[in-house]
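Shown next, in C-alpha cells, is the structure this report addresses.
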Amino acid sequence: MVTDKILWRRLDSAGHDACRLVERGGAWRVEGATAFLHNGVPAFLAYEVECDGEWRTQEGAVRGWMGERALDFRIALAHDGTWTLNGLVVPNLEGCINLDLGFTPATNLLQLRRVALQIGQAADVSVAWLDVAAGTLDRLQQRYERRTAEAYWYEAPRFDYFALLRVNEVGFVEDYPNLWEAEP
C-alpha cells in the first residue's frame, strides 16, 4: 500500500525526483526515479530501497545512466552486518544500518524513521553511502537533531553541509536547503 508520495525539484542544478513510500506486510520500500544534470551531462536513475519493519535496510537497487555510461547497482546488507555492492563485500561499513543514495533526498527518510527522535533529541548515524558517479559504497557520518515536529538540524561534515531540514508528517524532507525542495 502506498503511504505517501513526493516530487522534489533540484536546486543546485536542473532536475526532479519523484518518490513514493510503500508498506508491505510490515516492511517498507522507498522507490522512485530522478532525472538531473551531473556535471553538465543528463542523468536518469531509478531506485528502490527495501527496509524491514524497524527501518533497517535489507537491500537496494539503482539502475539508469549518466551520459553515455549505463549504471546498475545492487546493494545488500546481510544478517551479519556485511554490505555488498554488486555481490562484492564492501569493507569498513560495520555498524551501518541504512543505505543513503547520494543523488536523492528520499533515503533521509530511512534514518529519520529508524532513529525516531523526540523533540530535543539528537543521533549520530553512520550510513552506507552510494556515490553513483564513482561507483562506490562507503561510510558517511551524519547527525540529526530534532528541533520541532517538522524540523531537524542535519550535519554531513564530510561535505561541509549543515542545514535545517523541514520534513512532512511521514518524514520525507520537503526543504533540503540549496539542494532539494518539494514541489507544491
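Only the coordinates and a few stated rules stand behind these numbers; no lab work does. Given the structure is predicted, the values throughout are model-derived calculations rather than measurements. Positions of Cβ are generated from backbone atoms using ideal geometry, with glycine treated the same way; all protein chains shown enter the neighbour counts.
Take the residues of the stretch 1-51 that are crowded, with 18+ Cβ neighbours inside 10 Å and among the hydroxyl-bearing types (Ser, Thr, Tyr): which is farthest from residue 85 (Cα to Cα)?
Of everything passing the filter in the stretch 1-51, 34 is farthest from residue 85 (Cα to Cα).
Keeping to the stretch 9-31, report how many residues are on the phi > 0 side of the Ramachandran plot and in contact with a strand residue (DSSP E or B) (Cβ under 8 Å, 6 or more places away or on another chain).
Going through the stretch 9-31 one residue at a time, the tally reaches 1.
Out of the stretch 130-157, which residues are over 16 Å from the mean Cα position of the chain (by Cα) and over 23 Å from residue 48 (Cα atoms)?
Result: 145, 146, 147, 148, 149, 150, 151, 153, 157.
Just to confirm my filter: which strands (runs of 3 or more DSSP E) fall fully inside the stretch 62-151 and include at least 2 residues that are in contact with a strand residue (DSSP E or B) (Cβ under 9 Å, 6 or more places away or on another chain) and surrounded by 20 or more Cβ atoms within 10 Å (Cβ to Cβ)?
Because the criterion is at least 2 residues that are in contact with a strand residue (DSSP E or B) (Cβ under 9 Å, 6 or more places away or on another chain) and surrounded by 20 or more Cβ atoms within 10 Å (Cβ to Cβ), the strands (runs of 3 or more DSSP E) in the stretch 62-151 that meet it are 69-77, 98-101, 122-131, 136-148.
Within the group 81, 120, 87, 135, which residue is within 29 Å of residue 168 (Cβ to Cβ) and out of contact with any Pro (no Cβ under 7 Å at 6 or more places or on another chain)?
Just one listed residue meets the conditions, 120.
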